[in-house]
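S.K.: Following this message is one structure expressed as structure tokens.
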Amino acid sequence: MRTRSVRPAALTVAAAALLAGCTAGDADPTLPAIADVQLHPVGDPGRWFSEAYADGLGGRYSTMNTLCGVGDGVAVETLDASAPDFGTQVQARSLDSGAVLWTLPDLSCAEGAVREGAAMLSTGPGESAWRLVDARSGATREEFALTDPDIGAGRVTARVDDLWVVESEQQLVGIGPRPEGGTGRVWQRELGTRVEVTPLGDGMLGVSSGLDGRLSVVDGRTGEVRYETTGVDVGSALTWASDGFVLRVNQSDPEYAFFDLDGEEIDRTVGESQYPFAPRGSEGVTLPIADHVAAGKVTAVARDGAPALFEDRGRHYTRAGQIDLRGSSVLLSDVSADGSMIIVDEPGGEGFIVIDAEGEDVLRWSPPYSELRVEAGYLVVSDLNVTDVLLPR
């Protein structure tokens, strides 16, 4: 196998600093050198699941309502009224007891509307206001007047300075303090269909469209496009970094090109695969280009930046040593905040297994599911009309 990398001096120094940097633990001579790389994840800290799952499951919170999100120990949901005249309402329940903590009428929220302990609620299409409430108490934190009545409830993608960036009705909207005074919509961009938005570093947003292979970098403060190109295989060849993006140029003889946020190529490697990190960009966590260059065989990263799972010469390792993943690490979905546990698909089944650093089972989820995600440190499983928030023991 050969590896070729030609990079500017600044990136060479940065990658070397990563390799030389200190990690959360002392160097272990029995582990590959890549175990000592210090990485720098950027994004939502709630996308790593809690270390409390090490003791197994303590129960689950199940709902058939639209789960807008979890935060601060509560589940925020939209309830559809039983009669057309009643409209909708938003309700929060304690994850521990199931008790209703608050209810707000004539409002709704969408999946992904809870972030940083707050929920973004909407009066719905035909109205002109959004409300940011405390997820625990329901108290209003901010209200936003909108001039476009066709924007309904949406997913909160990022917070950039004083602005909240929301995806709604195939629109990307920045709301917050307006330059002319008051609060409301500061900027708005059309998204279209089959579009994925990834929060990056320094307030930037990565926007990829599978319909036309379009890749855009959008400034979350203004909504302006910083860079854009088309003809990209955004489904499998693109990986967003916090300060750029990675494109797979060739799969059979692995070749990858690394770009900054202005579309300038700053590095290229041949002969060594680049694996996606967990948590992933689609979950709101990215790493800088220098991390990708220095640690392409790391597949899971703890919240403090220490490699939690990595590959060397076809073998998989955690910080405890070599491990049997019962499959490929490429299928890895999530990692705990301290890096001591990872989630792998159950071999031959429809569930998943949480395993510890030695490869021992911590817990299993056997029922079929269509989506597994991590919100505010909780494991959330969805299938058909039911969503389960799995509670640590």
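S.K.: Accessible area per residue for segment 254-330 in Å², computed with a 1.4 Å probe and the full protein assembly in place, what is it?
M.R.: Spelled out: the 1.4 Å probe surface of segment 254-330, per residue, equals 34 Å².
S.K.: Next question. For the chain, restrict the atom set to alpha-carbon positions and state the Rg and Dmax in Å.
M.R.: 21.6, 69
S.K.: What are the semi-axes of the equivalent ellipsoid of segment 170-301, taken as the square roots of 5 times the eigenvalues of the Cα gyration tensor, listed largest first and rounded to whole Å?
M.R.: In descending order the semi-axes read 29, 15, 12 Å.
S.K.: A further question follows. log₁₀ I(q)/I(0) of segment 263-340 at q = 0.21, 0.22, 0.24, 0.25 Å⁻¹, via Debye over equal Cα point scatterers, no solvent, to two decimals?
M.R.: Rounded to two decimals, the profile gives -0.99, -1.07, -1.24, -1.33.
S.K.: What percentage of the solvent-accessible surface of the chain, computed with a 1.4 Å probe over protein heavy atoms, is contributed by carbon and sulfur atoms?
M.R.: Ligands and nucleic acids excluded, carbon and sulfur give 46 percent.
S.K.: Still on this model: Please get the size of the charge dipole for the chain, origin at its Cα centre, with Cβ charges of +1 on Lys and Arg and -1 on Asp and Glu, quoted in debye to the nearest 20.
M.R.: 340
S.K.: Pick out, in residue order, every one of the trypsin sites (Lys or Arg not before Pro) in segment 177-207 that is DSSP loop and has at most 13 other C-beta atoms within 10 Å; say none if there are none.
M.R.: When the trypsin sites (Lys or Arg not before Pro) of segment 177-207 are filtered for loop state and at most 13 Cβ neighbours within 10 Å, R194 remain.
S.K.: Can you list, bin by bin at 5 Å, the percent of alpha carbon pairs in segment 229-359, starting at 0?
M.R.: With 5 Å bins starting at 0, P(r) equals 2, 10, 20, 22, 19, 14, 8, 3, 1.
S.K.: When you count, for each residue, the other Cβ atoms within 10 Å and take the mean per peptide, how do 168-177, 378-387, 237-246 rank with the highest first?
M.R.: So the order, starting with the most tightly packed, is 237-246, 168-177, 378-387.
S.K.: Using modelled amide H (1.01 Å from N, peptide plane; none on Pro or chain starts), what sits under 5 Å from the amide H of T299, excluding residues fewer than 5 places away?
M.R.: L309, F310, E311
S.K.: Report, in cubic angstrom per residue, the convex hull volume of the C-alpha atoms of segment 299-393.
M.R.: Once divided by residue count, the hull of segment 299-393 is 98 Å³.
S.K.: Helix 9-20 versus the longest principal axis of the chain: what angle, 0 to 90°, nearest 10, using Cα atoms?
M.R.: Taking Cα atoms only, the helix is inclined about 90 degrees.
S.K.: Right, another one. Per-residue HN-Hα couplings for segment 294-309, Karplus 6.51 cos²θ - 1.76 cosθ + 1.60 at θ = phi - 60°, whole Hz, x for Gly and Pro?
M.R.: The phi angles translate into 7, 9, x, 9, 7, 10, 9, 10, 5, 4, 7, x, 6, x, 9, 9 Hz.
The values are calculated or read from the model by the stated rules, or taken from the named source; none is laboratory data. What you are looking at is a predicted structure, and each value in this text was computed from that prediction instead of being measured. Glycine gets a Cβ as well: all are built from the backbone with ideal geometry, and neighbour counts include every protein chain shown. Keep in mind that these areas ignore ligands, DNA and RNA; they rest on the heavy atoms of the full protein, side chains included. Shrake-Rupley method; radii C 1.70, N 1.55, O 1.52, S 1.80 Å.
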